[in-house]
Amino acid sequence: MTINPNRKEKKCSICSRTKPRSDFYSDRSRVDGISSYCKPCTSKRNKKWRDENPRPVAESALWTRRKIFYGITKEQFYEMMENQNYQCKICKIEIDKSSHVDHCYETGKVRGILCLNCNKGLGFFKDNINSLGEAIQYLKYS
């Protein structure tokens, strides 16, 4: 079987549709230089694999990082979560071990455990109370 690397279309091995070369990813290991699967099929295939093979958080690295950056142990983190009823300190949604340790950038003092969105929100406002107050006023009167 002779493969023409200059052909304009290719048939996807998953959906069996013939599509333009631009609908396939490059793959230097293939004779024709493009993947056997079209981009949408590749995405679906990769998502299915990720769902079936979740990447575990490196437990020891997580707790080591928290100890180094925030000075808290695994036990202290879980105690804080328990004291917060396993809820984000701001929005009250459920939190787990992957939640974020909030701290003051000036003092380094740990303030609580937050969900990703609340932690990012404070970060975007750079912990500036005046900016947060202006945001509240904006939301109230807009």
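Each reported figure results from applying straightforward, stated rules to the coordinates on display, with no laboratory input. Keep in mind it's a predicted model, so treat the numbers as computed, not measured. All Cβ positions, glycine included, derive from the backbone under ideal geometry; neighbour counts span all protein chains shown.
So for the range 100-109 (the condition being on the phi > 0 side of the Ramachandran plot and in contact with a Phe, Trp or Tyr (Cβ under 9 Å, 6 or more places away or on another chain)), does at least one residue qualify?
Pass one, the range 100-109, residues on the phi > 0 side of the Ramachandran plot: 108.
Imposing the further condition that a residue be in contact with a Phe, Trp or Tyr (Cβ under 9 Å, 6 or more places away or on another chain) reduces the set to 108.
Yes.
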Just one of (1) free of Cβ contacts under 8 Å to residues at least 12 places away in the same chain; (2) more than 30 Å from Lys10 (Cα to Cα); (3) in contact with a strand residue (DSSP E or B) (Cβ under 8 Å, 6 or more places away or on another chain) trips up Ser60, so point out which.
(3)
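If we keep just the residues of the range 63-91 that are of a type in the set (A, V, I, L, M) and in contact (Cβ under 8 Å) with a residue 12 or more places away in the chain, which is surrounded by the fewest Cβ atoms within 10 Å (Cβ to Cβ)?
As a first pass, look at the range 63-91 and keep what is of a type in the set (A, V, I, L, M): 68, 72, 80-81, 90.
Narrowing the set further to residues that are in contact (Cβ under 8 Å) with a residue 12 or more places away in the chain leaves 72, 80-81, 90.
Working: Ile72: 18, Met80: 18, Met81: 17, Ile90: 15.
Filtering the range 63-91 for residues that are of a type in the set (A, V, I, L, M) and in contact (Cβ under 8 Å) with a residue 12 or more places away in the chain, the one surrounded by the fewest Cβ atoms within 10 Å (Cβ to Cβ) comes out as Ile90.
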What number of residues within the range 47-95 satisfy the criterion of being under 17 Å from the mean Cα position of the chain (by Cα) and closer than 12 Å to Leu114 by Cβ?
1
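Just for the range 92-142: of the residues that are assigned to a loop (DSSP other than H, G, I, E, B) and among the small types (Gly, Ala, Ser), which one is surrounded by the most Cβ atoms within 10 Å (Cβ to Cβ)? Let's see the steps before the verdict.
Filtering the range 92-142 down to residues assigned to a loop (DSSP other than H, G, I, E, B) leaves 92-93, 95-99, 104-109, 115, 125-128, 141-142.
With among the small types (Gly, Ala, Ser) added as a condition, the list becomes 98-99, 108, 142.
Working: Ser98: 9, Ser99: 24, Gly108: 10, Ser142: 5.
Result: Ser99.
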So, Ser35, is that one polar (S, T, N, Q) and either in contact (Cβ under 8 Å) with a residue 12 or more places away in the chain or in contact with a Phe, Trp or Tyr (Cβ under 8 Å, 6 or more places away or on another chain) (or both) or not?
yes
In the range 42-70, the residues that are farther than 30 Å from Val110 by Cα and touching a Ser or Thr at 6+ places or on another chain (Cβ under 8 Å):
Thr42
